[in-house]
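First the structure, in the form of structure tokens, and then the observations on it.
The values are calculated or read from the model by the stated rules, or taken from the named source; none is laboratory data. Since the model is a prediction, treat every value here as computed from it, not as a measurement. As a convention, Cβ positions derive from the backbone with ideal geometry for all residues, glycine included, and neighbour counts pool all protein chains shown. When the accessible area is computed, the model is the full protein with side chains, heavy atoms only, and any ligands, DNA or RNA have been set aside. Shrake-Rupley method; radii C 1.70, N 1.55, O 1.52, S 1.80 Å.
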Amino acid sequence: ASTTYNLTGLTGGVTYDWRVRSNCGTLSGSSAYSTESFTTLTPPCPDNYESNNTSATAKTIPLNTPITASIGAAGDIDWFKITSPNTSATNIRIILYNLPADYNVYLYNKSNVLIGSSIKSGTTPDTVIYNSTVKRAVYSIKVTGASNSTFNANTCYSLRAESSATAYLRTAALPEMT
């Protein structure tokens, strides 16, 4: 008889209890059993945007749609690219949230000049607002750890780049992000 059993379909990062009941000789049908538990490993965050470690390799992301990615190693930097619409919705707001560590976000214009940043400490969401009237403007977004050694390969962060015809207020409460 085999002493191993492979389980499939388990959720990562969850503790499972198991027990084994004796089923031999005169103990057959007895209620004697041993109970143990195990915790499955949490899989790393699937980062569909790598390799995007420079402004030249920035990955294009959609406006008004949240994405998830990770700062997966020491010194990792994530670059993304957005283009404002060819409508009056030219004001830009970048929200970095669901942070597993202290991350920061920076916004650059098409000439790679820094035009906005948010460097809040801890896991507080970071927001960059850039109100503009330029249609079809290309922007780059950089996400980094607060230090070279700040990263979490197992947990994704969330990023949302928004555009609006109405100027964003810098003191306005952020929308609820999940």
Could you give every pair whose Cβ atoms fall below 6 Å, whose first residue belongs to region 3-20 and is in contact (Cβ under 8 Å) with a residue 12 or more places away in the chain, and whose second residue is assigned to a loop (DSSP other than H, G, I, E, B) and open to solvent by less than 100 Å² (accessible area, probe 1.4 Å), counting only separations of at least 6 or pairs across chains?
LEU10/THR40; GLY12/THR40; GLY12/THR42; GLY12/PRO43; GLY13/THR42; VAL14/THR40
Those residues of region 66-84 which are surrounded by fewer than 16 Cβ atoms within 10 Å (Cβ to Cβ) and part of a loop (DSSP other than H, G, I, E, B), in sequence order
ALA73, ALA74, GLY75
Subset of region 136-174 [open to solvent by 60 Å² or more (accessible area, probe 1.4 Å), basic (Lys, Arg) and either modelled with pLDDT of 95 or more or closer than 17 Å to ARG93 by Cβ (or both)]
ARG170
Region 17-33, subset modelled with pLDDT of 80 or more and either loosely packed, with under 10 Cβ neighbours inside 10 Å or touching a Phe, Trp or Tyr at 6+ places or on another chain (Cβ under 6 Å) (or both), residue nearest to PRO62 (Cα to Cα)
ASP17
Could you list all residues from region 104-120 that are in a strand (DSSP E or B), open to solvent by 50 Å² or more (accessible area, probe 1.4 Å) and in contact with a helix residue (DSSP H, G or I) (Cβ under 9 Å, 6 or more places away or on another chain)?
none
Unique match (being of a type in the set (Phe, Trp, Tyr), open to solvent by 50 Å² or more (accessible area, probe 1.4 Å) and in contact (Cβ under 8 Å) with a residue 24 or more places away in the chain) among TYR130, TYR97:
TYR130
